[in-house]
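Asks: Pasting a structure below so you can have a look.
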Amino acid sequence: MDIPDYDKALYYTLWGQWDDLLVLMVRTPDDMLSKKIQLFLNAYHYSLDQTKILTSHDNLLYYIEHAMKQDPTVTMEI
């Protein structure tokens, strides 16, 4: 996974750039990131329940934070 995808997701989420977040959702190879973005954007645009929107927003931010802490897998060439 490319770390800039997580940086972009964090930036777009914090600054409310939903169109750019949608594009990132489609283009990222990380299925979990894509799903978290999808759930948040769906809740933001269609839900009337404020707690559902805040929960999906927090879940997205928690996932981004968790993913950025992980070290990329090192492959050894023989």
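Asks: Can you tell me which of T51, T73 is out of contact with any Phe, Trp or Tyr (no Cβ under 6 Å at 6 or more places or on another chain) and modelled with pLDDT of 95 or more?
Replies: T51
Asks: If I ask for residues that are crowded, with 18+ Cβ neighbours inside 10 Å and either touching a residue at least 24 places away in the same chain (Cβ under 8 Å) or not aromatic (F, W, Y) (or both), which ones from region 7-24 would you list? So that I can check it myself, show each step before the final result.
Replies: Start the filter on region 7-24 by keeping residues that are crowded, with 18+ Cβ neighbours inside 10 Å, which leaves 8-9, 12-13, 21, 24.
Residues satisfying the conditions are K8, A9, T13, L21, L24.
Asks: Do any residues in region 25-44 that are on the phi < 0 side of the Ramachandran plot have Cβ atoms under 8 Å from those of residues that are loosely packed, with under 13 Cβ neighbours inside 10 Å and in a helix (DSSP H, G or I), where the two are at least six apart or on different chains, and which pairs are they?
Replies: Partner pairs satisfying both residue conditions: S34/V26.
Asks: Would you mind stating whether K8 is assigned to a helix (DSSP H, G or I) and in contact with a Leu (Cβ under 6 Å, 6 or more places away or on another chain)?
Replies: Here the answer is yes, as K8 does meet what is asked.
Asks: I'm told P29 meets every condition in (1) surrounded by 16 or more Cβ atoms within 10 Å (Cβ to Cβ); (2) at pLDDT below 95 except one. Can you identify the failing condition by its number?
Replies: Result: P29 passes all but (1).
Asks: Separate question: Taking region 39-55 as the search range and keeping residues that are surrounded by fewer than 11 Cβ atoms within 10 Å (Cβ to Cβ), farther than 18 Å from A9 by Cα and not polar (S, T, N, Q), which one is nearest to the chain's Cα centre (by Cα)? First the steps, then the outcome.
Replies: Just the residues of region 39-55 that are surrounded by fewer than 11 Cβ atoms within 10 Å (Cβ to Cβ), to begin with: 45-46, 48-51.
Restricting the remaining residues to those that are farther than 18 Å from A9 by Cα gives 46, 48-51.
Of the ones still in play, those that are also not polar (S, T, N, Q) are 46, 48-49.
On the way: Y46: 18, L48: 22, D49: 21 Å.
Per the stated criteria, the residue is Y46.
The values are calculated or read from the model by the stated rules, or taken from the named source; none is laboratory data. In this text, all values refer to a predicted model and were calculated from it rather than measured experimentally. As a convention, Cβ positions derive from the backbone with ideal geometry for all residues, glycine included, and neighbour counts pool all protein chains shown.
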